[in-house]
Every structure is written in C-alpha cells, then in structure tokens.
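Report on the following structure.
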Number of protein chains: 2
Amino acid sequence: MATETDSGATRRGLRRPGLASRRIPLRLNDAELAARHGEDRKFVWSLARAFELLHAFRPGQGPLGNAELSARTGLPKATVTRLTYTLTQLGYLRQSELDGRYQPSPALLAIAYPVLANIGIRQMAQERMQRLADHTGASVALSSPDGDMMIYVSACSSSALDALLLDIGSRVGMTQSAAGRAYLSSLEDDEREAMFEHFAGRLGPDWADLKPRILDSIAEIRERGFCYVDREWREDVRAVATPIADLDGTTRMALTVGGPAFALAPEQMVEDFGPRLVHLARGLSRAPMR
Amino acid sequence: MATETDSGATRRGLRRPGLASRRIPLRLNDAELAARHGEDRKFVWSLARAFELLHAFRPGQGPLGNAELSARTGLPKATVTRLTYTLTQLGYLRQSELDGRYQPSPALLAIAYPVLANIGIRQMAQERMQRLADHTGASVALSSPDGDMMIYVSACSSSALDALLLDIGSRVGMTQSAAGRAYLSSLEDDEREAMFEHFAGRLGPDWADLKPRILDSIAEIRERGFCYVDREWREDVRAVATPIADLDGTTRMALTVGGPAFALAPEQMVEDFGPRLVHLARGLSRAPMR
DNA sequence: CCATGCGTTTCGCATAGCGGAACCTTAACG
DNA sequence: CGTTAAGGTTCCGCTATGCGAAACGCATGG
C-alpha cells in the first residue's frame, strides 16, 4: 500500500521536479524560481517543457532524436514525442526525411526577429562596427544581458578571421567575459550588488576568486573606459569591452572587440582597440536623432 | 437547457477554432492543417497558443500589452495573462517597468541560434556576401524556405545603404520575391507542382496572374542563372536572385541582391549584379571541403 | 531469433489550464 | 469627485487536456 501511494506520488511528483530541481533547466530563472512555481496557478508547465526541449539543441551538434532529447531534458519519451510532434506541426522543428531526427528550423529566426528590430542602436552601430572589425582584424559584437549571460545581438568579423567567432544569439558568461563586466559596470550600485548576490549563490567558493577580478575590470572601465580581459572566458580568447546604452537610454548593453589570443597582441588591444571601442561607443551614445 | 448545452459546446468549441479557422493563426501550416488537429491527441494546444502569441509581436511596432495581445490573437484575456506571465518567467518576454507592456527578449535569439549554426554554407558565404554587398552598394541575403515564405538567415548591406533593408529572420513572400522564385526553381518538378497547388489554394483568383510571372522567373533562371524581379514584392524594391544548396547538398536556399528601386538601375542589376551573384553561388557550391 | 534501441500508441487518471465573470487599478472626463 | 472606460489580474468550477507508465512496432545486428 505504501508502495502504491508512493509510486503515485512519485509519478506526479516527478513532473515539476523534472523541470525544476533537476539539472538547472531554465538557464536564466534560477532553479529555485522554477521550483517556486510549484503551486503557481498562472504558470503553464507545458510551455516550460517545450522551451526546455528547444533549448536542448546546441549549435553545431546537429539534429537530435526523441531519445536523445528525452535524455537531455529528463522528460519522458511520450512527452517528448508529443512536443516534437507539435513543434514540427507548428514549423519550429524540422524533421529529417532520412533518420527522423529533428532540427530547429528558420521559423525560430522569424519569431526572434522582432527582438533585433527593437534594438534601435543595432542599426546605427552596424556599419561602424563592421569598420572597426575591418580595422582591427578581430570580431566586434554588441551584446545584451540575459540572466547571468550576455547574448550577442549583433556581430561583425573581419575578413582576416575567416569564420565568425561567435554569431548573433550566442551566449557568453557575464562574470568571465569582458562584455559581461562592461555591462556590470554600467549598473547602479544596488543593482550590481543584487547581481553579485546571485553570482555568489550560483558559484559558491569560486566566487571569491572571481569577484576581485570583476571589480578590477570595473575599475579599469571607470579609469579608461574599457576593460581588457585575457583568456578568462576561454583559454584562447582575449577581448576588450565597454558599456553602452540603447537609444532608449535605459537598456544597458556591451560592445566588444575580441578574438583568438594568438592573433591579437595585448598591447594593440589596450592601446589601439580599446580606445577605438570607447570612441565608437561615445559616438553612438550621443546619437544624432531618433 | 438547449442554451446551456450550446453555451457549453461553444465555449469549448471555440477553443480550437480560436487557433484554427479564425484569422490564419499559424502562418506556415495552413489553417486547414491546424483544423485537422481538432481531435489529435498528440497536439499540445497550449504550445500553439503560446507561439501564436509570440508571433503577434511585429518588428518595429514596439511593446504590446495583454489587451493588445488578446485582440491580435483572439485568445481570452485570462489566457493571455497566463501565457505572458509564463513567458516572462522563462525569460523570453521582458516586461517594461513603466507601462507593464511586453517585448520579446534576446533569450529568443539564443534559442534561435542553433538554426544559424546548423547552416553550414552561412559561414562560408558571409565574407563573400559582404564583399558583394560592398561592390554593389545593395543588400545581399541568404534565405531559407519556410512554408510559403522565405526567411533571411544571413544578411549583409553595404555602407551605402545606411540601414539594412531586411535583417536576419525577416520574411518575404515566396511567390512575389526573387528569392522565393529562385528557391522554387531549384525544386523537383513534382515538389514545385505541390507548392503551386498550395499557392493556388491560398491565393485563389490572384494565382492566375502570379503563376505565369513565377514561371517566367524560373525560365530566366534556367537561361542565365538568376532572375530579376522588379517591384513585385514591394512597390519600391528590386532584386536578383539565384538558387543555392547548403553544404549538405540537399537543403535548398536562395541568394539575393536587392535594394530600393531608386538606388539601383535595372541594367546594372541584370548585367552586373546578377552574373556576380551566380558566380558567387557557383563558388560556394563547389565548396572546397567539409 | 532473441536482444537492443529507438520511436509511437494506448489509455486511465488527475490536474493543468481554460475562460467567463467579478474585481481591482489608473486615467480621463464632465 | 462620481462616472465611465480600458487595462490588467484574480477567482473558481469544470472538463478536456495532456501526462506518462507500459505495451507495442519496427528496425538492426549479433
């Protein structure tokens, strides 16, 4: 009997936890937040599940089958079948004729498009970013905060670097990246403090190492307008970044020049790229009109 | 009693139709298809509703409130509240502090990102597209089919055209645009015939006008590799386009050069841009490796 | 042939989530 | 200030929804 009851409880009980506690499902709202929705009459769980599923697709890893999706998300096979089916019908997933596995379809770009269109500064910045990319031979990007990540909303690279290092939509950690620190520097003290609390909670002991480095970067920005971060985000990448506001004057973002460490000399980053970046940001901030 | 029953029936009955028959909610799966899901045990309606809601946001139209969303989608206010609430929690919508209205957030870009990363030819094309844009002074784009639309998956513009005419994720009609016709030309006869059936169904009487023009464009492509479409998609836009395949060799796409009619002379489009475009497509198709 | 692995289908059940209606706010107006 | 209007949220009863364990199909492949 106890078994019976337990099994029932577990079966239902697993539902939420499947999303909530296990494996940090929603990368931006903390797991705790998700857990808090346990009794929330307003929260639509099937939606959360579907997005978690979409999130299981990673760039460059190619198509995924239902089994793989089930494994990654922790959702039961039947549920995955239903979700992939629905998403396919809606056109957001595309199923390979051959192996029946799924891939996100361009339709997703279409729903993401209004995001781009709503970032006023993007349009203005585009050309000048490209010029800066050409001059520096590195990648230039504009990024916007999202949880504890920075998301690229615009990206240019020079011909020198054959492939774009990172493209629109890619994400870099807010704490380790130059972009993230530039953004953090633009926050009010109390806002930044709140973020720090989050980080502390998330990172635990590592935070002690990280915090001073972030503070250094912020001080650097205060002093000369940009920060230089060398191989912290990734072993092989260095970048400079500066904060910038969108045309509405409130939305905070970051502007970055970066690239593979082997191709970029630290001096040129600090002496040339950094100042140019600041110049660009200034130019965009006192934007003529609109 | 009859009233009672009817009201009940209507109440529930309205649900599906709210998505299905009314106002062509899912732009790519035909309304008919959606309607067909009436009894489909596998179809998750809340998902469809949520995406319809996301789809209500249009580029450049700024943030939307729940009322507006309710009006646009035909979903009841309470439902909209629940959905916006959930999407906000998940981070895909962002709510303005001031007026409480919603806007799609960059998190959407992050879920769309794998789409870009999976299109192999994108990376290779980027630089050469940019060069072509610089040379022509027009916009160069790579687009992928989605239902009866072409969606831009890559876009370059020259410095000459200050703003990007269209950005990644924007959509143009398959029937009217050069890109769409280039894509159509790359289909097998039976596939194309199937598309034509769709169009005929969708467009009704207009189809009679449109079809010959599409066939002309296709003939043009057969003959000289590209088609030139002048102010059909929009009053003020002209473009040339050519078909191209992704690296996998199967996924069909289109490559376009286009821009405002006043800035582009028909002769240069046909004599210079078109041939260059074809050259570019050829170069990309016999891509060296990978 | 039986195992293994993927995918779909079935089906009974609890509840998720729907939506009409009531209920707050704010704002504007007379 | 009442009053109307327009946005939004909350309530709440009800059932269709969508969940997921388990059974089933269907390929591989040893």
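Evaluated with a Cβ-only charge set (Lys, Arg +1; Asp, Glu -1), region B:55-204 carries a dipole of roughly 540 debye about its Cα centre, given to the nearest 20. Each of B:Gln176, B:Cys156, B:Ala245 was scored by the projection of its Cα onto the charge dipole of region B:126-245, and the greatest displacement toward the positive side belongs to B:Cys156; charges sit on the C-beta of Lys, Arg, Asp and Glu.
Take B:Ala78, move 7 Å from Cα toward the beta carbon, and the resulting point lies 2.8 nm from the same point in each other copy, nearest first.
Computed over the Cα atoms of region B:111-285, the ratio of the radius of gyration to the Kirkwood radius (Rg/Rh) comes to 0.94. Distance between the C-alpha centres of region B:192-257 and region B:42-105: 34 Å, rounded to the whole angstrom. Remark: relative contact order (region A:57-131) = 23 percent; criterion is Cα-Cα distance under 8 angstrom and separation of 6 or more residues. Under 12 Å of direct C-alpha separation, and excluding same-chain neighbours fewer than eight residues apart, A:Lys77 reaches these aspartates and glutamates: A:Glu68.
Throughout, read-outs are computed from the coordinates displayed, never taken from laboratory work. Because the structure is a prediction, the values reported are computed rather than measured. Counting neighbours? That spans all protein chains shown, and the Cβs are built from the backbone with ideal geometry, glycine included.
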